[in-house]
Each structure stands twice: as structure tokens, then as C-alpha cells.
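A.B. asks: Questions regarding the structure given below will be posed in turn.
The values are calculated or read from the model by the stated rules, or taken from the named source; none is laboratory data. From a predicted model like this one, the values you see are computed outputs, not experimental measurements. Glycine gets a Cβ as well: all are built from the backbone with ideal geometry, and neighbour counts include every protein chain shown.
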Amino acid sequence: MQYRELHAWDLKPSEAIELQKTLQQQVRIEPLYAEVETVAGCDISFNKFSDRIYAGIIVLKLPGLEILERATVVTTVSFPYIPGLLSFRETPALLEVWKRLTKRPDVVMLDGQGLAHPRRFGIACHFGLLTGIPAIGCAKTVLVGKYREPDERAGSYSLMEHKGETVGAAVRTKDRVSPVYVSAGHLIDLSGAIALALRCARGYRVPEPTRQAHLLVNALRRDEGRQK
């Protein structure tokens, strides 16, 4: 799969922050009118004190979420581990994996933030903008935003607010389990992102695309460790 070369990656943290502010103006939040038949899950694994990174993307077919394709890359990173700027550490590796895919997904789900970010430009915004694919963030922790606890039943959610804006939603994917934090990234709106996250829930807290991607990269990391 191809992607756009929008900028260089050898940036200082201060330059990355300014670039986020600039690129955020290109993000489009809009309803997803086309039927979603395939969804890709993206994840990475790394030790924050190492420059080694394990990246993976897995493509699933709805409604059964059968695996159609998987791809991985093991590489090194140069950008430091800085919350709010993790996209600059993780995205280059994910783009290397993206180039290896043969099936173009309808939507991409990333383990991270979309608009629920201090500068409204999390990794889902960044990756969506680079690939031109509708993208959502589905995170396990909150970066910004306050919310009331949603009902304990699966399918319930509550909106997340930050500085007077709705930036995402705390979504309960399983009864009496902690919510995940869903936000629109690019070419999709929040209601569409929530609906897709719930559509991809299969009895676990984390929706199946990012759950499978997480298993994929962790297995890759373990396998390399055993070979040393």
C-alpha cells in the first residue's frame, strides 16, 4: 500500500509539536458513508529505553472478523519517547508495514489517540492523513479529556470533553470491564468510530483489530528474544 510523504521525520521535539499544529488543519472529521467490509488493526511493541521497535498490521473482514492478511516489521527508531509525540516514534515503522500490505482496508484502527490529544493530532490523525484511509484511535488509557463513567453494560459510552470540546468517548465493550477510549482520527466522525469499535468487540475489553495486532507484535518480540 502507498502513502503520502508529507514531511521529514528527523525532527526535534519542538519541531514535531509545530508540525502537529500545522497538519491538524488538514484533518477531516466527517461521516463515513461507505460500508465497512474490512478493518485493519495497527500496533507496536517496544521498550521505552530501547531503540528497537516491533510493528504490525492485521487486516480483518467484517462481520466475522476473519484474518485476511498480516504483516510485520522489526526496525529501530530515533525519535525519543515523549507522551503526546509518540506518533513520531511509532508511525515510521507502521508505514513500513503498510507498504507490505496487499489488501487495502476500509478503515484503520490504531492503539492510540485521534482527536483526544492535546493538539488534536494523535497517531490516528497522523496515520490517517498519511495513508488517506479513515482512521480511528482506540486507546487503553486517557491522554486528555474528562468523562463520567458509562453504564456497566457493554455498548454504553460517555463523551470525553477537553477545553470545551468533545474529543472522544469512553466506550464499554464488555460488561463490567474498564472502557476503552475511542476518538476519530481522519475521514470518520465520532459516532462512526464508536459504532465500529463496538462492531469489532468480541468479548474482550480491546476490539479485535487492535487486540489481534497487539498479539501479533508481542509474539514477534518474543520470537526474536528466543532467537538471541
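A.B. asks: Select from the stretch 190-213 the residues that are under 17 Å from Q113 (Cβ atoms) and touching an Asp or Glu at 6+ places or on another chain (Cβ under 6 Å) and write down the one among them that is surrounded by the fewest Cβ atoms within 10 Å (Cβ to Cβ).
C.D. replies: T210
A.B. asks: Do you know which of the residues in the stretch 50-67 that are touching a residue at least 12 places away in the same chain (Cβ under 8 Å) and in a loop (DSSP other than H, G, I, E, B) is farthest from G203 (Cα to Cα)? Even if it seems obvious, please write down each step before you answer.
C.D. replies: If we filter the stretch 50-67 for residues that are touching a residue at least 12 places away in the same chain (Cβ under 8 Å), which is where we start, we get 51-63, 65, 67.
Next, only the ones that are in a loop (DSSP other than H, G, I, E, B) stay: 51, 62-63, 65.
On the way: D51: 34, L62: 16, P63: 15, L65: 13 Å.
Restricting to residues being touching a residue at least 12 places away in the same chain (Cβ under 8 Å) and in a loop (DSSP other than H, G, I, E, B), the top hit is D51.
A.B. asks: Just the residues that are of a type in the set (G, A, S) and more than 16 Å from L215 (Cβ to Cβ), please, taken from the stretch 39-88.
C.D. replies: In the first step, residues of the stretch 39-88 are kept if they are of a type in the set (G, A, S); the result is 40-41, 45, 50, 55-56, 64, 71, 78, 84, 87.
If the condition is that a residue be of a type in the set (G, A, S) and more than 16 Å from L215 (Cβ to Cβ), then S50, G64, S78, G84, S87 are the ones that fit.
A.B. asks: Hand me the list of strands (runs of 3 or more DSSP E) wholly inside the stretch 120-228 holding 1 or more residues that are more than 24 Å from L60 (Cα to Cα).
C.D. replies: Values: elements: 135-139, 157-162, 165-171, 180-186.
Hits in the stretch 120-228: 157-162, 165-171.
A.B. asks: For residues that are farther than 22 Å from Q212 by Cα and β-branched (V, I, T), tally how many sit in the stretch 11-38.
C.D. replies: Counting residues in the stretch 11-38 that are farther than 22 Å from Q212 by Cα and β-branched (V, I, T) gives 4.
A.B. asks: Among the residues of the stretch 3-31, write down those that are of a type outside the set (S, T, Y), part of a loop (DSSP other than H, G, I, E, B) and closer than 16 Å to L187 by Cβ.
C.D. replies: The first filter runs over the stretch 3-31 and keeps only residues of a type outside the set (S, T, Y), leaving 4-13, 15-21, 23-31.
Still in the list and also part of a loop (DSSP other than H, G, I, E, B): 4-12, 25-31.
Of everything in the stretch 3-31, those that are of a type outside the set (S, T, Y), part of a loop (DSSP other than H, G, I, E, B) and closer than 16 Å to L187 by Cβ turn out to be R4, L6, Q25, Q26, V27, R28, I29, E30, P31.
A.B. asks: Within the group Y54, Y81, which residue is of a type in the set (F, W, Y), modelled with pLDDT of 95 or more and more than 20 Å from T38 (Cβ to Cβ)?
C.D. replies: Values: Y81 fails: modelled with pLDDT of 95 or more.
Every option except Y54 fails the conditions.
A.B. asks: Hey, among the residues in the stretch 81-119 that are under 13 Å from the mean Cα position of the chain (by Cα) and in a loop (DSSP other than H, G, I, E, B), which one's surrounded by the fewest Cβ atoms within 10 Å (Cβ to Cβ)?
C.D. replies: Residue satisfying both the conditions and the ranking: D111.
A.B. asks: Is one or more of the residues making up the stretch 146-160 over 16 Å from the mean Cα position of the chain (by Cα), under 14 Å from A184 (Cα atoms) and not polar (S, T, N, Q)?
C.D. replies: So far as the stretch 146-160 goes, yes, one or more of its residues are over 16 Å from the mean Cα position of the chain (by Cα), under 14 Å from A184 (Cα atoms) and not polar (S, T, N, Q).
A.B. asks: Let me ask something additional. Among the residues of the stretch 192-228, how many are in contact (Cβ under 8 Å) with a residue 40 or more places away in the chain and hydroxyl-bearing (S, T, Y)?
C.D. replies: Total satisfying the criteria: 1.
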